[in-house]
1. For region 388-445, which positions are small (Gly, Ala, Ser) and farther than 30 Å from residue 375 by Cα?
2. When the residues of region 253-308 are filtered to those that are under 19 Å from residue 193 (Cα atoms) and of a type in the set (Asp, Glu), which remaining residue is surrounded by the most Cβ atoms within 10 Å (Cβ to Cβ)?
3. Helices (runs of 4 or more DSSP H) wholly in region 354-436 with at least 2 residues that are surrounded by fewer than 17 Cβ atoms within 10 Å (Cβ to Cβ) and touching a residue at least 60 places away in the same chain (Cβ under 8 Å) - which ones?
4. Note down all Cβ pairs under 6 Å where the first residue falls in region 129-141 and is in contact (Cβ under 8 Å) with a residue 12 or more places away in the chain, the second is among the acidic types (Asp, Glu), and they're at least six residues apart or on different chains.
5. Restricted to region 260-271, and to residues that are touching a helix residue (DSSP H, G or I) at 6+ places or on another chain (Cβ under 7 Å) and in contact (Cβ under 8 Å) with a residue 40 or more places away in the chain, which residue is nearest to residue 310 (Cα to Cα)?
6. Is it the case, given these coordinates, that residue 274 is more than 30 Å from residue 158 (Cβ to Cβ), of a type outside the set (D, E, K, R) and under 43 Å from the mean Cα position of the chain (by Cα)?
7. Among the residues of region 246-258, what is the count of those that are assigned to a loop (DSSP other than H, G, I, E, B) and touching a residue at least 60 places away in the same chain (Cβ under 8 Å)?
8. Can you tell me which residue is surrounded by the most Cβ atoms within 10 Å (Cβ to Cβ) among those in region 181-236 that are in contact with a helix residue (DSSP H, G or I) (Cβ under 7 Å, 6 or more places away or on another chain) and of a type in the set (Ser, Thr, Tyr)?
Amino acid sequence: MALNKSAKEKILKFALKNAMDYGKAVEGAVISKAIASDPLLKSDMKELVIEVKKTISEVNAMNRKKLDDAFSKYSDEFEKREMDKAIESAKHRFQIDGVEQGKFVTRFPPEPGGYMHIGHTKPVFIEDELKRLYDGKAMLYFDDTNPDNERQEFVDAFHEDLEWLGVKFEGEYYASDNLPKFYAYADTAIRKKKAYVCTCDAETVNSNRGKGMGCAHKRHSVEKNLELWGEMLEGRTDVNGAILRLNSDMKALNTTLRDPTLFRIKKTEHYRQGMKYSAWPTYDFCTPIMDSTNGVTDVLRSKEYEMRDELYFAVLDILELRKPRITSFSRLEISGNVTSKRKVRQMIADNVISGWDDPRLVTIRALRRRGIMPEAIRQFALSFGMGKSESSVPLEMLLSINRKMADKDAKRLFFVIEPFEIEISGIPESLRHVRMDFHPSGSMGHREYDIEDIVYIAKEDAKQLKKGDIIRLKGAFNLRIDGRKAGKTLATFTEEKGEGMPTVQWVSKGNYSEGSLLMINDLLVGDKLNKNSMYVVNGYVETHAGRFKEGDIVQFERIGMFKFDSRKDMSFISL
């Protein structure tokens, strides 16, 4: 019994996928995939084997271009399947042993020293998933005890970006509002001989920690430490004049336990507290206290902090406070880019980038400006699950998810790069008016233009042409190239069809606007700035583009998907 058309297409689809993945389709792999997709094919194995052998023979005879073209029909289907599988697999790992339903409380703890970036999205979305899974709560906790870099601007930006991402919290609090509480706990640690004031310079502190040696201040009496601590609180200690340190083990294998800093002196005006305080706690001291006293049951953070877990619990032990549970996972790192707030600030200061929303960055502001959708970011971030395997992934993974989501709503238009003028004669009046659909589905309406005798095509298309060639203006008609005369390229309307006739996008005189495409590549190559990270391509765009709203997504045929960035400049940013 012969296989039906549907079965044959399944076999072709899997043969093409197998060849794309491994360079050559293999009979056994294609048969197993075909049967897995349709178990009824097992009823006639003989016919199945014959069809598979025939198909893989044809597929393996294709050159790379033909293989790419043939597979393109199915590529979206396979990519969606693989992404769905990755996300479903990751969801199974969104769990924490020992959590009781309705008793899960976590927090998202950004430091407002810069703008939110892609790396923040993994923990915040995982927390959001677990909150829903366990019917729990998530709090927004601003870790703002470094007045040198923190700004209200960054707090506001986090609020706006989190709202745009669709993340909601059950409460919000700030570390800087709790300085008196931290001072009281520091006093307790000093009286327990678990903290001391050190006046060594930074170089000596670092050297001693490396050698595992304590300094003379470690042997100060409680009374002496309380006296020096009082001077720090009263603002009588100079910047870098003293620090409060944990009195721990200077020979600990875990170097974070070698008498780490708990408080340091900062005399910069704080965005929220002004000049009220000068002794500021470190993350290692204030965060465990905040977590314990604010009812947090579960701390979720990237595994780069794992060495500090022991210190986290040591602080709570000294202060006799409840211990939350810590769960670690790999951080989300994008290759070819920068997330360090310090580095971004420096690049802005050096005019390497225009600001926190420069489309080459992976801040949420930059991704939003570039046209990335919140749901694409969420799907991307969650696809990595809660595993600890470290990897640096390309931004293209996110862009690909976003393009697929945008495709159904993205209008198709023509953009002519480096316009090349052609003067056409003999256009029938009945064909001068054209109507072209915005989307292959035909469900998004159309645009209409009157074609004049002057049209423009891309220089890249034009340079291949010679006298006698026939090309098709997409959505319109064919024309034959007649050659050049008086500096003009001339063509004539024709009903002929040339062999391998190319179809090109175009605009007609009177039906275009000058526009530009902002092409974005990775910001870095290795650790060096990529000189081609951003460049402009100029050309002509259909006048209908002027009806778009800034932020709309458009598919420029044969070029790619873009976000409408500025009506003033008619500029578009690549996705």
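1. Restricting attention to region 388-445, the residues satisfying the condition of being small (Gly, Ala, Ser) are 389, 391-392, 400, 406, 410, 425-426, 430, 441-443, 445.
Listed by number, the residues that qualify are 425, 426, 430.
2. Once the filter is applied, the top-ranked residue is 259.
3. On the way: elements: 364-370, 374-382, 396-407.
So the answer is 396-407.
4. 137/170; 138/127; 140/172
5. Our first condition is that a residue be touching a helix residue (DSSP H, G or I) at 6+ places or on another chain (Cβ under 7 Å); within region 260-271, this holds for 260, 262-263, 265, 270-271.
Next cut, in contact (Cβ under 8 Å) with a residue 40 or more places away in the chain only: 260, 262-263, 270-271.
Numbers: 260: 12, 262: 15, 263: 19, 270: 30, 271: 32 Å.
Once the filter is applied, the top-ranked residue is 260.
6. Working: more than 30 Å from residue 158 (Cβ to Cβ): no; of a type outside the set (D, E, K, R): yes; under 43 Å from the mean Cα position of the chain (by Cα): yes.
In short, no.
7. 1
8. Among those residues, the one meeting the criterion is 196.
The values are calculated or read from the model by the stated rules, or taken from the named source; none is laboratory data. As the structure is a computational prediction, the values presented were derived from the model and not from experiment. So basically every Cβ, Gly included, is an ideal-geometry build from the backbone, and we count neighbours across all protein chains shown.
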